[in-house]
1. Please indicate, with yes or no, whether at least one residue in the range 115-129 is in contact with a Leu (Cβ under 8 Å, 6 or more places away or on another chain) and of a type in the set (S, T, N, Q).
2. Condition first: surrounded by fewer than 16 Cβ atoms within 10 Å (Cβ to Cβ), free of Cβ contacts under 8 Å to residues at least 40 places away in the same chain and closer than 18 Å to His175 by Cβ. Now tell me which residues in the range 141-162 satisfy that.
3. Among the residues of the range 119-140, is any β-branched (Val, Ile, Thr), surrounded by fewer than 16 Cβ atoms within 10 Å (Cβ to Cβ) and outside any helix (DSSP H, G or I)?
4. Picking from Ala220, Ala186, which residue would you name as being farther than 14 Å from Val37 by Cβ, open to solvent by 20 Å² or more (accessible area, probe 1.4 Å) and in contact with an Asp or Glu (Cβ under 6 Å, 6 or more places away or on another chain)?
5. Which of the residues spanning the range 44-97 are part of a helix (DSSP H, G or I), aliphatic (A, V, I, L, M) and either open to solvent by 60 Å² or more (accessible area, probe 1.4 Å) or within 22 Å of Gln172 (Cβ to Cβ) (or both)?
6. List, please: which pairs have Cβ atoms under 6 Å, are six or more places apart or on different chains, and start with a residue in the range 45-68 that is farther than 16 Å from Phe79 by Cα and end with one that is of a type in the set (Val, Ile, Thr)?
7. Which pairs do you get when a residue that is more than 19 Å from Asp139 (Cβ to Cβ), found in the range 10-33, comes within reach of a residue that is open to solvent by 40 Å² or more (accessible area, probe 1.4 Å) and at pLDDT below 50, reach meaning Cβ atoms under 6 angstrom, with the pair 6+ apart or on two chains?
8. Given the options Leu202, Leu104, name the one that is under 17 Å from the mean Cα position of the chain (by Cα) and crowded, with 17+ Cβ neighbours inside 10 Å.
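The values are calculated or read from the model by the stated rules, or taken from the named source; none is laboratory data. Nothing here was measured: the structure is a model prediction, and the numbers come from that model. For neighbour counting, all protein chains shown are included, and Cβ atoms are generated from backbone atoms with ideal geometry for every residue, glycine included. Surface accessibility is based on the protein's heavy atoms, side chains included, excluding ligands, DNA and RNA. Shrake-Rupley method; radii C 1.70, N 1.55, O 1.52, S 1.80 Å.
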Amino acid sequence: MRIQKDMKELPSGESEAKAVRQDPVAAVVMALEEDIVLGRLHPRERLIEEELAERFSVSRHSLRLALAELDKMGLIERFPNRGAMIRAFSASDVEQLYAVRELLESTAAAQIVFPVEETHINELKAIQAHHDAAVDTDDLVGVFRHNHEFHRKLFGLCRNHYLASAIETYSQRAHGIRFLVLADKAERDKARKEHHQMIAALERGDGDALVALCRQHLPASKMAYLRAFGKIVG
């Protein structure tokens, strides 16, 4: 079941109710993913099936399919006879997850072949224009979605489908960690500036700068989560 493909095809401006009617499972996944990323749902918070079924007006079957997808994405944990809760990460989990993300993303950046076609750079600029607008208007859902789109396009330039897919998988697993940074206006603006620096590095063919930027782009959400929920290592 390819939930992620269906989710991307749902128009972002639709109401939750209309989205549910079109594809109940994908709409529930999208809504709960956003609740987690935006900090509306917190680590270890229980998900009550009765309440969710009423909120989304979906069957228990559709709801459980959505929860199974969120579990596969690493955003929730399900326990027999105890239901589901938002995944919480230990300090060790966070350190290990971000070590893998840094390895994958810096490897992908290093594999980008220069010069990069102008059409690809223009596509990145167009995505970033939407991200800029979302940052300027404090549209947190837009910031999250366009940030994700920017990085998907950027790392897709490595031309290694398996590497890009692994980056996508581990980026999803960090959704439950990034909410503190997303809520911080200064951090949103910093991330936006780093995106523009990445585009500039692509334009001038500076692979070393691009790799360094990708590395320095990651730690903010990790450190914010560790300060709030765990001991910072080192």
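1. So in the range 115-129, the residues in contact with a Leu (Cβ under 8 Å, 6 or more places away or on another chain) come out as 116, 120-121, 124.
So of that shortlist, the ones also of a type in the set (S, T, N, Q) come out as none.
Taking every residue of the range 115-129 in turn, none turns out to be in contact with a Leu (Cβ under 8 Å, 6 or more places away or on another chain) and of a type in the set (S, T, N, Q).
2. Arg152
3. The answer is yes, given that some residue of the range 119-140 is β-branched (Val, Ile, Thr), surrounded by fewer than 16 Cβ atoms within 10 Å (Cβ to Cβ) and outside any helix (DSSP H, G or I).
4. Numbers: Ala186 fails: in contact with an Asp or Glu (Cβ under 6 Å, 6 or more places away or on another chain).
Within the list Ala220, Ala186, the selection yields Ala220.
5. First, pick out the residues of the range 44-97 that are part of a helix (DSSP H, G or I): 49-56, 60-72, 91-97.
Those still in the list that are aliphatic (A, V, I, L, M) too: 52-53, 63, 65-68, 70, 91, 94, 97.
Leu52, Leu63, Leu65, Ala66, Leu67, Ala68, Leu70, Ala91, Val94, Leu97 - these are the residues of the range 44-97 that are part of a helix (DSSP H, G or I), aliphatic (A, V, I, L, M) and either open to solvent by 60 Å² or more (accessible area, probe 1.4 Å) or within 22 Å of Gln172 (Cβ to Cβ) (or both).
6. From the range 45-68, the pairs are Phe56/Val20; Phe56/Val28; Ser62/Val25.
7. Asp23/Asp6; Ala26/Asp6
8. Values: Leu202 fails: under 17 Å from the mean Cα position of the chain (by Cα).
Sole residue among the options that is under 17 Å from the mean Cα position of the chain (by Cα) and crowded, with 17+ Cβ neighbours inside 10 Å: Leu104.
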